[in-house]
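*Asks:* Dropping the structure in here first, questions after.
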Amino acid sequence: MEFKNISDIKRVQFITDFIQKEVRSAGEVLDIGCGNGVISRAVARLGHSVRGIDVSAKTIEAARSANNPPNVRFEVVAAGELQPEPGKYDAIICSEVLEHLDRPSELLRIIQVSLKDTGVLLVTVPNGRGPRELFVTRPIQAMQKNNGVLWRMVSKVKSAMGYKGVTTQSAADDLTHIQFFTVKSLKALAAENGFKVVKMAPSNFIEQVFPFSLVYKRSKSLQKFDCSLADKLPVNFTSGFMSAWKKAVV
């Protein structure tokens, strides 16, 4: 597994387990916002044919340069430029994508057309009211937008502590969050675009919230504890949602 963080591994496991359950034989899979291709490769190793797309040429270059199975390919395609391919895909993955889009419904309408009637859409997003977004993402983005003295100080501290502003999943330059989802709003978004959320699970709790992150990133045991704690708490307390969608029956 290329991911080292337990919550990332948990997310990949959620995606691959559901695809294996719903797509019995080798299927066609589209990974939108594939980033460095980590999830695409994990799904391809299960025997499925995977097309990974991302708006960032930098991340696609990283994806292509990795040790890829022959049944995965990567292309530079922005989510807004994706063309519908009626009934082509058995599974489509949108992992940590929708929160970056101004108009996520536009993408979901294309997905709805491109997914087989029996297909599954795997969506993971941050919890807009969860610990990570409330105490890390929103304050940091507000400081960055103001670009004042406080942001310059925070930037220097982050740089000194080794934070590079990229993730294992994506080396893209801009990872700004625009949408902040709740369970209710995510389910409403699904329904508005012809989907039903058939499964939702929590990711982690406070592992990525500063200053806890300083300790948690050095301990796999603490990361496992944090993920298991998220499983026991109400889903609204999680830092992220992992969900499986299917086409709604009309």
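The values are calculated or read from the model by the stated rules, or taken from the named source; none is laboratory data. Remember, it's a predicted structure, so these values are computed and weren't measured experimentally. So basically every Cβ, Gly included, is an ideal-geometry build from the backbone, and we count neighbours across all protein chains shown. Just the protein is used for accessible areas: all its heavy atoms, side chains included, with ligands, DNA and RNA removed. Shrake-Rupley method; radii C 1.70, N 1.55, O 1.52, S 1.80 Å.
*Asks:* Residues that are farther than 30 Å from Phe225 by Cα: which helices (runs of 4 or more DSSP H) entirely in the range 1-86 hold 3 or more of them?
*Replies:* Details: elements: 6-22, 38-44, 57-65.
In the range 1-86, the matching helices (runs of 4 or more DSSP H) lie at 57-65.
*Asks:* Another question, then. When the range 56-67 is examined, which residues are found to be crowded, with 18+ Cβ neighbours inside 10 Å and not small (Gly, Ala, Ser)?
*Replies:* Taking the range 56-67 as the starting set, the residues that turn out to be crowded, with 18+ Cβ neighbours inside 10 Å are 56, 59-60, 62-63.
Listed by number, the residues that qualify are Thr59, Ile60.
*Asks:* Can I ask one more? What number of residues within the range 180-204 satisfy the criterion of being open to solvent by less than 40 Å² (accessible area, probe 1.4 Å) and part of a loop (DSSP other than H, G, I, E, B)?
*Replies:* Total meeting the criteria: 5.
*Asks:* Would a scan of the range 116-132 turn up a residue that is open to solvent by 40 Å² or more (accessible area, probe 1.4 Å), basic (Lys, Arg) and in a strand (DSSP E or B)? Give the derivation first.
*Replies:* Restricting attention to the range 116-132, the residues satisfying the condition of being open to solvent by 40 Å² or more (accessible area, probe 1.4 Å) are 116-118, 129, 132.
Subset that is basic (Lys, Arg): 116, 129, 132.
If we keep only those that are in a strand (DSSP E or B) as well, we get 116.
Yes.
For every residue, the table says whether it meets (1) at pLDDT 90 or above; (2) assigned to a loop (DSSP other than H, G, I, E, B); (3) under 22 Å from Asp17 (Cβ atoms); (4) not small (Gly, Ala, Ser).
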| position | (1), (2), (3), (4) |
| --- | --- |
| Leu175 | no, yes, no, yes |
| Ile178 | yes, yes, no, yes |
| Ile206 | yes, yes, no, yes |
| Ala230 | yes, no, yes, no |
| Trp245 | yes, no, yes, yes |
| Val249 | no, yes, no, yes |
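*Asks:* May I ask you to list pairs of residues, at least six apart or on different chains, whose Cβ atoms are under 6 Å apart, with the first in the range 107-124 being modelled with pLDDT of 95 or more and the second being polar (S, T, N, Q)?
*Replies:* Leu108/Asn193; Arg109/Asn193; Gln112/Asn193; Val123/Ser243; Thr124/Ser95
*Asks:* Among Val12, Val43, which is the only one that is open to solvent by less than 10 Å² (accessible area, probe 1.4 Å), in contact (Cβ under 8 Å) with a residue 24 or more places away in the chain and in contact with a Phe, Trp or Tyr (Cβ under 7 Å, 6 or more places away or on another chain)?
*Replies:* On the way: Val43 fails: in contact with a Phe, Trp or Tyr (Cβ under 7 Å, 6 or more places away or on another chain).
It is Val12.
*Asks:* Let me ask something else about it. Being under 21 Å from Lys4 (Cβ atoms) and either in contact with a strand residue (DSSP E or B) (Cβ under 8 Å, 6 or more places away or on another chain) or of a type in the set (Ser, Thr, Tyr) (or both) is the filter here, so list the residues in the range 32-52 that pass it.
*Replies:* Taking the range 32-52 first, the residues under 21 Å from Lys4 (Cβ atoms) are 33-46, 52.
Passing the criteria: Gly33, Cys34, Gly35, Gly37, Ile39, Ser40, Arg41, Val43, Ala44, Gly52.
*Asks:* Suppose we keep only residues that are of a type in the set (S, T, N, Q) and open to solvent by less than 40 Å² (accessible area, probe 1.4 Å) within the range 206-227. Which one would you say is farthest from Thr137 (Cα to Cα)? Before you say what the answer is, go through the steps one by one.
*Replies:* Our first condition is that a residue be of a type in the set (S, T, N, Q); within the range 206-227, this holds for 208, 213, 219, 221, 223.
If we keep only those that are open to solvent by less than 40 Å² (accessible area, probe 1.4 Å) as well, we get 213, 219, 223.
Numbers: Ser213: 13, Ser219: 22, Gln223: 20 Å.
Top of the filtered list is Ser219.
*Asks:* Further question on the same structure: What do you reckon, is Ile92 within 18 Å of Glu28 (Cα to Cα), open to solvent by less than 10 Å² (accessible area, probe 1.4 Å) and in a helix (DSSP H, G or I)? I'd like the intermediate steps shown before the answer.
*Replies:* On the way: within 18 Å of Glu28 (Cα to Cα): yes; open to solvent by less than 10 Å² (accessible area, probe 1.4 Å): yes; in a helix (DSSP H, G or I): no.
No.
*Asks:* Another question, then. Collect the residues in the range 95-106 that are touching a residue at least 40 places away in the same chain (Cβ under 8 Å) and in a helix (DSSP H, G or I), keeping them in residue-number order.
*Replies:* Taking the range 95-106 and keeping what is touching a residue at least 40 places away in the same chain (Cβ under 8 Å), we get 95-102, 104-105.
Across the range 95-106, the qualifying residues are Leu98, Glu99, His100, Pro104, Ser105.
*Asks:* Among the candidates Val55, Val113, which residue alone is of a type in the set (A, V, I, L, M, F, W, C) and either under 18 Å from Gln179 (Cβ atoms) or touching a strand residue (DSSP E or B) at 6+ places or on another chain (Cβ under 8 Å) (or both)? Step through it out loud before you land on a result.
*Replies:* Values: Val113 fails: either under 18 Å from Gln179 (Cβ atoms) or touching a strand residue (DSSP E or B) at 6+ places or on another chain (Cβ under 8 Å) (or both).
None of the others qualify; the one that does is Val55.
*Asks:* Residue under question is Gly37, and the condition is that it be modelled with pLDDT of 95 or more and closer than 22 Å to Lys247 by Cα; does it hold?
*Replies:* Numbers: modelled with pLDDT of 95 or more: yes; closer than 22 Å to Lys247 by Cα: no.
Against the criterion (modelled with pLDDT of 95 or more and closer than 22 Å to Lys247 by Cα), Gly37 does not qualify.
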